[in-house]
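The values are calculated or read from the model by the stated rules, or taken from the named source; none is laboratory data. Values in this document were obtained by computation on a predicted structure and should not be read as measured data. For neighbour counting, all protein chains shown are included, and Cβ atoms are generated from backbone atoms with ideal geometry for every residue, glycine included. To get the accessible areas, we keep the full protein, side chains included, count just its heavy atoms, and leave off ligands, DNA and RNA. Shrake-Rupley method; radii C 1.70, N 1.55, O 1.52, S 1.80 Å.
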Amino acid sequence: TRHRRKNGTIFPVEVSARRIAVEGNAFFQAIVRDITERRAAAESLRQSEERYRNIFDNAVEGIFQSTPAGTYITVNPAFARMYGFASPEEMIREVQDIQLQLYVRPEDRLDVKNLLGEVGIIRGMEVAFNRKGGGVFWGSINATAVKDDAGAIRYYDGTVEDVTERRKAEEARQGSETRFRNLF
């Protein structure tokens, strides 16, 4: 409920009350706690979660959490679109084996798992991925292994950036240099 202080300000309280009977007489005992700080902390947490959700949902880079077994815990909309899915929910539902369904070379997923197991972090590892419905794109993976208190990997946090256009431009540049050298 809300109570009013002596100075007139209103503040939130939590009230616990009980009825006590003593020698035929009824009494009420109440404990009143000021919960202003608890409410402020809850509001701060709600705002923080809202900011995180906005960043996650509106990021242009793909963000994911996945299990070592090869399923997604969560993906943002950019990540799902990159792989050709209409929504994060569709991707999480349909991708039951990341290694076999998404990696062009399934052994690349094993390399990712091994590096994350040994080093705990990957920066800028480029691999080829399959798109839903056909097609391939190149992605640059940044990921970390999140471990429990015993040191076992619980899940992977990471991002994937589509670097297909950059790779095509690099290949074209190399081809052009080769042709130039051959002509020269």
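Paramagnetic label reach from V163 (point 7 Å along Cα→Cβ; backbone nitrogen cut-off under 11 Å): within the range 122-154, residues 123-128, 138-142. For the residues A69, A169, A80, a GNM of the chain with alpha-carbon springs under 10 Å puts the largest fluctuation on A169. With all protein chains in place and a 1.4 Å probe, the accessible surface of the chain carries 52 percent carbon and sulfur.
So who's got an amide H within less than 5 Å of the one on Y155, skipping anything under 5 residues away but keeping other chains? H placed 1.01 Å off N, in plane. Amide H neighbours of Y155: V146.
Which value, in debye to the nearest 20, describes the size of the charge dipole of the range 116-159 about its Cα centre when Lys and Arg Cβ atoms bear +1, Asp and Glu Cβ atoms bear -1, and nothing else is charged?
240
In the set [x] 1.24; [y] 1.08; [z] 1.74, the label that goes with Cα Rg over 2.2 N^0.38 Å computed for this structure is [z].
To the nearest ten degrees, helix 106-118 and the longest principal axis of the Cα atoms of the chain are 50 degrees apart.
For the chain, the longest principal axis of the alpha carbon atoms and the long axis of helix 164-183 meet at an angle near 20°.
Between the range 116-145 and the range 72-114, what is the C-alpha centre distance in whole Å? What the calculation gives is 10 Å, centre to centre.
Solvent-accessible area per residue for the chain at a 1.4 Å probe radius, Å²? Intermediate values should be presented prior to the final figure.
Details: 12360 Å² over 184 residues.
Normalised by residue count, the accessible surface of the chain is 67 Å².
Take the Cα radius of gyration of the range 3-85 and divide it by 2.2 N^0.38 Å, N being the number of residues; the result is 2.10.
When the helices in the chain are scored as -39500 (n - 2.57) per DSSP H run of 4 or longer and the sum is shared across all residues, what 222 nm value do you end up with, to the nearest 500 deg cm²/dmol?
-12500 deg cm²/dmol
Among T74, T144, T36, the largest mean-square fluctuation in a Gaussian network model of the chain, built with springs joining Cα atoms closer than 10 Å, belongs to T36.
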